[in-house]
1. What are the pairs with Cβ atoms under 9 angstrom where one residue, in the stretch 106-133, is closer than 17 Å to F90 by Cα and surrounded by 20 or more Cβ atoms within 10 Å (Cβ to Cβ) and the other, located anywhere, is among the hydroxyl-bearing types (S, T, Y) and modelled with pLDDT under 95? Sequence gap at least six, or different chains.
2. Of the residues that sit in the stretch 60-86 and are within 13 Å of the chain's Cα centre (by Cα) and aliphatic (A, V, I, L, M), which one is surrounded by the most Cβ atoms within 10 Å (Cβ to Cβ)?
3. Determine whether the stretch 60-79 contains at least one residue that is closer than 20 Å to R132 by Cα, out of contact with any His (no Cβ under 8 Å at 6 or more places or on another chain) and in contact (Cβ under 8 Å) with a residue 12 or more places away in the chain.
4. Among the residues of the stretch 87-105, count how many are polar (S, T, N, Q) and buried (at least 17 other Cβ atoms within 10 Å of the Cβ).
5. Of all residues in the stretch 45-77, which are under 13 Å from C20 (Cβ atoms) and hydrophobic (A, V, I, L, M, F, W, C)?
Amino acid sequence: MDPALRELVWQRANGACEYCRLPQDLDVFPFQIDHIIAEKHHGPTTSENLCVSCFHCNVHKGSNIAGLDPVDGRIVRLFDPRIDIWREHFAWAGAEIIGLTSVARATIDVLGINLPERRDHRRLLMEAGSFRT
Ligand SMILES: [Zn+2]
């Protein structure tokens, strides 16, 4: 990947996962640059299709571009940090991230965003005052 493009993506993300909002400096696992539409599905390596993802979100997302809304079971696309506004789709309830839309609920499910160990990690960071939402 072009170093200038990589730098643009990192700067734009302000050091945090664009899915779960965890800052890189509060996680031991190196964050990665994610193709929002995976290369497998012919997603280009361009600014508009790239975002910063924490290790856990990225591993769970893999090449997925859609998921099932746990509320109604319908297939919906995943959250796209380039076209969607995070606060219009997600909200905080303590250390848990709530899906306000079908897109967000499917994303939380596919990316394992509220898995107990991940929620506990955020809770500990919040209690320590190092992670503010
Ligand atoms: Zn994440």
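The values are calculated or read from the model by the stated rules, or taken from the named source; none is laboratory data. Predicted, not measured: the structure shown is a model, and the values here were computed from it. We place every Cβ from the backbone using ideal geometry, glycine too, and count neighbours over all the protein chains shown.
1. That search, which allows pairs on different chains as well, returns R122/T133.
2. Within the stretch 60-86, the subset within 13 Å of the chain's Cα centre (by Cα) is 60-62, 64-65, 78-82, 84-86.
Checking which are aliphatic (A, V, I, L, M) leaves us with 65, 78, 85.
Details: I65: 17, L78: 22, I85: 9.
Of everything passing the filter in the stretch 60-86, L78 is surrounded by the most Cβ atoms within 10 Å (Cβ to Cβ).
3. no
4. At the first step, the residues of the stretch 87-105 found to be polar (S, T, N, Q) are 101-102.
From what's left, buried (at least 17 other Cβ atoms within 10 Å of the Cβ): 102.
Going through the stretch 87-105 one residue at a time, the tally reaches 1.
5. C51, V52, C54, F55, C57, V59, listed by residue number.
To keep it simple, each residue is scored yes or no on (1) within 10 Å of the ligand (Cβ to nearest atom); (2) modelled with pLDDT of 95 or more; (3) of a type in the set (S, T, Y); (4) over 14 Å from V110 (Cα atoms).
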{"site": "D27", "(1), (2), (3), (4)": "yes, no, no, yes"}
{"site": "L50", "(1), (2), (3), (4)": "no, yes, no, yes"}
{"site": "G62", "(1), (2), (3), (4)": "no, yes, no, no"}
{"site": "I65", "(1), (2), (3), (4)": "no, yes, no, no"}
{"site": "V76", "(1), (2), (3), (4)": "no, yes, no, no"}
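Results for (1) touching a Lys or Arg at 6+ places or on another chain (Cβ under 9 Å); (2) of a type outside the set (S, T, N, Q); (3) surrounded by 12 or more Cβ atoms within 10 Å (Cβ to Cβ); (4) closer than 25 Å to R105 by Cβ, shown as yes or no for each residue.
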site: W10; (1), (2), (3), (4): no, yes, yes, no
site: C20; (1), (2), (3), (4): yes, yes, yes, yes
site: A38; (1), (2), (3), (4): yes, yes, yes, yes
site: S53; (1), (2), (3), (4): yes, no, yes, yes
